[in-house]
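J.: The structure that follows is given in the form of structure tokens.
Since every read-out is calculated from the coordinates, none of them should be taken as a lab result. Since the structure is predicted, the reported quantities are computational estimates derived from the model, not experimental observations. As a convention, Cβ positions derive from the backbone with ideal geometry for all residues, glycine included, and neighbour counts pool all protein chains shown.
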Amino acid sequence: MAALNRHNDSEVIYETNTSLVKKLVASLDRNQSQAHILISSSTQEERDNLYGKSKMEGRLMLSDWANRAGGKLTGMVIPNVFGPFGNPYYNSVVATFCHQVSHNETPKVEVDGLLKLIYVGELVEAILKAIRREDNTHELQIPHTAEAKVSEILDLLQHYKDVYQEKGEFPAINSSFEHKLFNTYRCYMDIANYFPRKFTQHTDNRGAFVEIARHGIAGQTSFSTTVPGITRGNHFHTRKIERFAVVKGKALIQLRRIGTDEVRDFYLDGEEPAYVDMPIWYTHNIKNIGDETLYTIFWINEPYDPADPDTYLENV
């Protein structure tokens with residue numbers, strides 16, 4: 001997977017990437033290895049640029065090694081990859097636009113081309129499949145799962161900002177691609193300074209009314225009580241969209257991005273009802289830190305399915 005994608009001097013990209021493969025081949029020869037090697041090439045192979053040339057030559061060098069040494073090679077030719085936590089200004093235009101839109105910067109469409117895209121989770125599934133079947137396809141074309149123009153992607157992200165980030169509403173999601181793009185966008189928001197979000201209360205002599213969630217997608221609403229000192233959760237999701245709304249009592253909601261050590265603490269009080277949304281790949285929990293029963297309303301975009309729960313236990 002290692003490669004140089006961006007540099008002011010394209011010759012540096014070419015030399016770096018080809019030399020990495022040469023070192024790998026030399027190591028394989030030195031150890032008389034017959035390993036199964038997977039290399040991530042790119043659809044840039046088809047284009048007249050030194051990055052694409054470096055990726056193709058690297059794949060062909062490993063193909064020559066596999067043929068003479070008896071090893072296996074999966075030479076994956078991969079379309080544009082997008083998903084949570086990609087590096088803006090480096091990995092993809094989707095990462096760059098998500099960062100810019102969510103941080104109130106001004107994106108610019110340089111070339112409004114049609115992108116062939118694959119979500120990072122779908123790519124991981126393809127990689128695991130190749131490993132498990134010991135694939136020996138030296139030019140394995142990984143199919144894209146979505147197509148969109150650059151301007152269409154930007155329009156969707158700006159819509160998510162207007163509807164979700166500004167108004168707190170869950171936008172209508174019309175396809176699997178839009179679901180994945182929305183979850184990707186949420187991962188670029190500055191959650192430490194965004195949550196918790198206060199609800200608007202409407203009060204009169206009868207009491208108060210609070211709208212918990214307005215949404216353009218199907219979902220499940222549930223309610224829980226938690227006695228003092230008890231913690232719920234300590235799990236994460238890879239696709240689900242979830243909101244925790246505290247309406248009575250005092251709570252500590254904690255989030256930690258998988259693979260990192262930093263824990264985000266959010267304190268909520270039913271006296272000022274508020275909510276925190278759970279980004280994908282953040283393990284999360286909620287603890288009653290008050291002296292009375294905690295009342296929480298949960299909204300999630302899909303009901304729990306024991307056969308496909310998308311719920312992975314890990315302590316915050």
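J.: Specify the residue with the greatest mean-square fluctuation among GLY168, GLY219, GLY249, computed from a Gaussian network of the chain linking alpha-carbon atoms under 10 Å apart.
T.: Maximum fluctuation in the GNM of the chain, among the listed residues, is at GLY219.
J.: Here's another thing I want to ask about it. For the ranges 250-259, 8-17, 32-41, what's the packing order if you count other beta-carbon atoms within 10 Å of each residue, average per peptide, and put the highest first?
T.: Packing order, densest peptide first, comes out as 250-259, 32-41, 8-17.
J.: Any idea what the relative contact order of the stretch 86-196 is, in percent, if you count C-alpha pairs under 8 Å spaced at least 6 apart?
T.: 32 percent
J.: List the relative contact order of the chain as a percent without decimals, with contacts defined as Cα pairs under 8 Å and 6+ residues apart.
T.: Reported relative contact order: 14 percent.
J.: What is the local net charge at HIS99, summed over the other residues whose Cβ is closer than 11 Å to its Cβ (Lys, Arg +1; Asp, Glu -1)?
T.: In short, -2.
J.: Per q in 0.11, 0.13, 0.19, 0.20 1/Å, what log10 I(q)/I(0) does a Debye calculation on the alpha-carbon atoms of the stretch 1-127 return?
T.: -0.46, -0.62, -1.14, -1.22
J.: Further question on the same structure: If we count every other residue with Cβ under 10 angstrom of THR145's Cβ, Lys/Arg +1 and Asp/Glu -1, where does the sum land?
T.: The answer is 0.
J.: Determine the calculated [θ] at 222 nm for the chain from helices alone, applying -39500 (n - 2.57) to every DSSP H run no shorter than 4 residues and normalising by the residue count; nearest 500 deg cm²/dmol.
T.: Rounded to the nearest 500, the figure is -9000 deg cm²/dmol.
J.: Considering only lysines 8 or more places apart in sequence, or on different chains, count the pairs in the stretch 10-186 whose C-alpha atoms sit under 23 Å apart.
T.: Summing the qualifying lysine pairs gives 24.
J.: Under 20 Å between C-alpha atoms is the cut-off here; go through the stretch 185-316 and count lysine pairs that meet it, provided they're at least eight residues apart or on different chains.
T.: Count of close lysine pairs: 5.
J.: Based on the mean of other Cβ atoms within 10 Å per residue, sort peptides 189-196, 176-183 so the most packed one is first.
T.: Packing order, densest peptide first, comes out as 176-183, 189-196.
J.: Hey, another quick one. Considering only ALA245, GLY216, ASN234, whose Cα is most displaced toward the positive end of the charge dipole of the stretch 188-257, charges sitting on Cβ of Lys, Arg (+1) and Asp, Glu (-1)?
T.: So the residue we want is ASN234.
J.: Pick from VAL120, VAL210, VAL163 the residue whose mean-square fluctuation is largest in a GNM of the chain, springs joining Cα atoms under 10 Å.
T.: Its mean-square fluctuation being the largest, the pick is VAL210.
J.: Can I ask one more? Tally Lys and Arg at +1 and Asp and Glu at -1 over the other residues with C-beta under 15 Å from the C-beta of TYR312: what net charge comes out?
T.: Summing Lys/Arg as +1 and Asp/Glu as -1 gives -1.
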